[in-house]
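S.K.: Could you have a look at this structure, given as structure tokens, before my questions?
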Amino acid sequence: MKGEVVKMGNTEKTKTAKTMSKAIESKTQEAEEMRKLFEKYSVIGILDLTKTPTITLQNVQKKSRGQSLIKVTKKAVLTRALAAVKEREKNFVEFEKLIPKQPAIVFTDIDPFKFYAMVDKLKTPAAAKEGDLAPDEISVSAGPTNLIAGPAISELTKVGIPAGVEEGKIAVKKDVVVAKKGSVISKALANALKKLGIEPMLIGLNVIAIYQNGMIYGKEALSLVGEGYMNKIREAYMQALNLSVSVGYPTKSNIGYLLAKAKLAADALASRIKVEEKIEEKSETQTQTIQTIQTTQTNESTSGGTS
């Protein structure tokens, strides 16, 4: 029996060693394949798959097929692949520091900003969960709901949604903001929003950064594409316009504003001059009147003395 036990133990050790060997070989092979992809593609993105639904990833893979390649991998494998190329590629050391615990890598030749814009458009609405951060201001509009009158009224009022009963169903009495941008959504609020059919969250791929020719573009820079970028341009334009008008620096864009400002200033000055002229005229009239009265009184006094 002892001999058999030893024999079985050796067999298990052999199997374990073979399994480990295959695992190492598989990781080495995967890392080598990824190394080749790093050298092939000019644009590389890091994704964080934490809390990302599988269907979301599959949707992006399907929509971007032929334009990009998304590889789900382990951090250890990715680190090993980067180790083989980071010495030759500028800033790959910094790029490696951005790898999350659950990474995926995007390989593409699309411009980083265009790729981010494409992925951003593929976000889908989803119900809020406890602990989520409100992506924008969340509001509930006044009006009827499909909820039958009952305990749900207290659930809504508990989170600040004014509710009542109309024709046997719950109705929201007035528009109300229930969460500001960036605020943490509570369990009670998440349940209330779900009952009302409100899906305030946007689910998509979490792009951490994109690398291209030694440059690392973070989410803050990438998010400037599209409407966000245009809003920044509009804001900068208005600030520059206001500054140029306030200091009186004429340009083709602000000349109309400067002329309007000059006219208003001229009108105000003219109005002030007229007021001052009227005051002067009134003062002169009063002075003349006083002088006339004084002359008359003097004459009367003189005439009386003579008599």
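The values are calculated or read from the model by the stated rules, or taken from the named source; none is laboratory data. All figures in this text were calculated on a predicted structure; none of them were measured in a lab. Counting neighbours? That spans all protein chains shown, and the Cβs are built from the backbone with ideal geometry, glycine included.
S.K.: Read through the list (1) more than 16 Å from residue 206 (Cα to Cα); (2) charged (D, E, K, R); (3) part of a strand (DSSP E or B), then give the number of the only condition that residue 71 fails.
M.R.: For residue 71, the exception is condition (1).
S.K.: Given (1) in contact with a Ser or Thr (Cβ under 9 Å, 6 or more places away or on another chain); (2) aliphatic (A, V, I, L, M); (3) at pLDDT 85 or above, where does residue 72 come up short, assuming only one miss?
M.R.: (1) is the only condition that residue 72 fails.
S.K.: Looking only at the stretch 7-28, decide whether some residue is over 23 Å from residue 117 (Cβ atoms), buried (at least 17 other Cβ atoms within 10 Å of the Cβ) and modelled with pLDDT of 65 or more.
M.R.: no
S.K.: Now for a different question. Please return the ranges of helices (runs of 4 or more DSSP H) entirely within the stretch 88-181 where 3 or more residues are outside the structural domain of residue 38 (by TED's automatic domain parsing), under 28 Å from the mean Cα position of the chain (by Cα) and closer than 30 Å to residue 31 by Cα.
M.R.: none
S.K.: What number of residues within the stretch 183-199 satisfy the criterion of being aliphatic (A, V, I, L, M), under 24 Å from the mean Cα position of the chain (by Cα) and either surrounded by 17 or more Cβ atoms within 10 Å (Cβ to Cβ) or not in a strand (DSSP E or B) (or both)?
M.R.: 5
S.K.: Note down all Cβ pairs under 6 Å where the first residue falls in the stretch 112-132 and is over 20 Å from residue 189 (Cα atoms), the second is of a type outside the set (Val, Ile, Thr) and part of a helix (DSSP H, G or I), and they're at least six residues apart or on different chains.
M.R.: If the second residue must be of a type outside the set (Val, Ile, Thr) and part of a helix (DSSP H, G or I), the pairs left are 116/222; 122/63.
S.K.: Same structure, new question: Against the condition over 27 Å from the mean Cα position of the chain (by Cα) and either part of a loop (DSSP other than H, G, I, E, B) or outside the structural domain of residue 27 (by TED's automatic domain parsing) (or both), how does residue 51 come out, does it pass?
M.R.: So residue 51 fails the test.
S.K.: Which count do you get for residues in the stretch 200-214 that are of a type in the set (S, T, N, Q) and assigned to a strand (DSSP E or B)?
M.R.: Here the count works out to 2.
S.K.: I'd like the full set of residues that are surrounded by 13 or more Cβ atoms within 10 Å (Cβ to Cβ) and of a type in the set (S, T, N, Q), limited to the stretch 140-182.
M.R.: Those that are surrounded by 13 or more Cβ atoms within 10 Å (Cβ to Cβ) and of a type in the set (S, T, N, Q): 145, 157.
S.K.: Do we find that residue 58 is under 30 Å from residue 197 (Cβ atoms) and part of a helix (DSSP H, G or I) in this structure?
M.R.: yes
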